[in-house]
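The structure appears below as structure tokens.
The values are calculated or read from the model by the stated rules, or taken from the named source; none is laboratory data. Quick caveat, the model's predicted, so the values are computed rather than measured. Cβ sites come from the backbone with ideal geometry, for glycine too, and all protein chains shown count toward neighbours. Side chains included, ligands, DNA and RNA excluded: accessible areas come from the protein's heavy atoms. Shrake-Rupley method; radii C 1.70, N 1.55, O 1.52, S 1.80 Å.
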Amino acid sequence: MATLLRSKLSNVATSVSHKSQAKMSGMFARMGFQAATDEEAVGFAHCDDLDMEHRQGLQMDILKSEDGEEGAETPLEGDIHYQRDGTGPLPPSASKEACSELSGQGKPKITAWEAGWNVTNAIQGMFVLGLPYAILHGGYLGLFLIIFAAVVCCYTGKILIACLYEENEDGEIVRVRDSYVDIANACCAPRFPTLGGRIVNVAQIIELVMTCILYVVVSGNLMYNSFPNLPVSQKSWSIIATAVLLPCAFLKNLKAVSKFSLLCTLAHFVINILVIAYCLSRARDWAWDKVKFYIDVKKFPISIGIIVFSYTSQIFLPSLEGNMQNPKEFHCMMNWTHIAACILKGLFALVAYLTWADETKEVITDNLPSTIRAVVNIFLVAKALLSYPLPFFAAVEVLERSLFQDGNRAFFPNCYGGDGRLKSWGLTLRCALVVFTLLMAIYVPHFALLMGLTGSLTGAGLCFLLPSLFHLKLLWRKLLWHHVFFDVAIFVIGGICSISGFIHSLEGLIEAFRTNAED
């Protein structure tokens, strides 16, 4: 009897240990590639432990015992393995709060400043280079939209986090959800319990893949404009860039890449400062008369998508807030990060446009003098190539989890063998995804159009439409009238801007595709 008791206790302890490790690995892995869903949140890549344990441990099922089965024992507290999708039932004695506390052991929480650094990386990334082009077609209204988008994205980020919490029986506010997908599923339950999560996953995959395409496009564009005298076309530069990126298909984790990505992020801030310094040196020639209140009706909707895309960070905010030392500081952190982003983006876009006025190009560094353009662009290309694995790996993880590793609900057989190794056909699919980003970059090599399309489609959806809709659905009984008004207004305005920007961007892409096909 004593031996059996010791054996049982040992099994329970081992189970709890495995659960804690798997839970932490899943949480930080999710945090890692959720940060990468948006463009530059490289701080989370340091937490990305997607190794063999991640491949195998997170697929463990909940240990079940049938109540009426003869000889079955009641599961003890903690006798549970982490299930990746979080849909398995908990044992009667295991509470969500207990699991949360257990998952928080062994890994340090991040401060508000560290969280702000990750948000800043996400919304102050490389795609800021397209904002002066938005001012070209929007004038002062474009500047207003940079401010407006900052305010709205800050607000929707806060209400998205509010959807993670509910009151318990004691009237206390507790966290009952962990991710954007959980919120979406809660809104569609009970009739369609997984529909919302699938919609969010599809939007996330589209945004991730489009981000990869944009990296290839900007790499080809920058290299072509840096060395215009070489007999190499932009398409050829894109092919060379993709050849460099092909080893991404073999990635198992992002630890090595994250070290370089952090340095590239710092280098990008330096490049932004250099561009602004050059613009300030030509302040006497600034074309203030070129900045007007009229808009280009055909091209301005594309500018809306560009501006929105530069602020997308909502997809990883739930993981970020859940890993803060003091979640109460989240609102303050969102305020100062978006205020700083608004000021820096507005100044960068304005001074760059004033310097080159109607000569402003889709990627502003192409306007720099040839003496410094090549150096700056080479740094930017290096940054783009080293940033590519982050959204690529995140897209692969979402696709593999949704289509190949979702237990009995998976559409296709598991692409990993019993030993955790990637099967040959799984590797082929990864290579095909890299080649797909190349083909899109070759046939539609337009940075602004692709950025506008992505911002109008997934950016507006994830940042404007879905947060306001989920907030109304989950918390409408407790909302004040002005919150309801803001949510409805954001949903309507966001929907109009999204549809308008998507239509105009799609028209531009179709026209560009036809032109390239004829050539």
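Before moving on, here are some points about what is shown:
- Any hit, segment 364-377, residues being aliphatic (A, V, I, L, M), without any contact (Cβ under 8 Å) to a residue 24 or more places away in the chain and on the phi < 0 side of the Ramachandran plot: yes
- Out of 157, 142, 171, 197, sole residue that is assigned to a helix (DSSP H, G or I) and over 22 Å from residue 489 (Cα atoms): 197
- Looking across 435, 488, one residue alone is assigned to a helix (DSSP H, G or I), surrounded by fewer than 18 Cβ atoms within 10 Å (Cβ to Cβ), under 24 Å from the mean Cα position of the chain (by Cα) and at pLDDT 90 or above. It is 435.
- A single entry from 504, 471 fulfils the requirement of being within 24 Å of residue 175 (Cα to Cα) and crowded, with 18+ Cβ neighbours inside 10 Å: 471.
- Checking each residue in segment 438-462 for being open to solvent by less than 20 Å² (accessible area, probe 1.4 Å) and outside any helix (DSSP H, G or I) picks out only 444.
- Scanning segment 172-202 for residues that are among the small types (Gly, Ala, Ser) and surrounded by 15 or more Cβ atoms within 10 Å (Cβ to Cβ) yields 179, 184, 186, 196, 197.
- Where a residue in segment 188-202 is under 17 Å from residue 316 (Cβ atoms) and its partner, wherever it lies, is among the polar types (S, T, N, Q), with Cβ under 7 Å and at least six apart: 197/185; 201/402
- Positions within segment 234-264 being modelled with pLDDT of 70 or more and open to solvent by less than 50 Å² (accessible area, probe 1.4 Å), in sequence order: 234, 236, 237, 238, 241, 242, 245, 248, 249, 251
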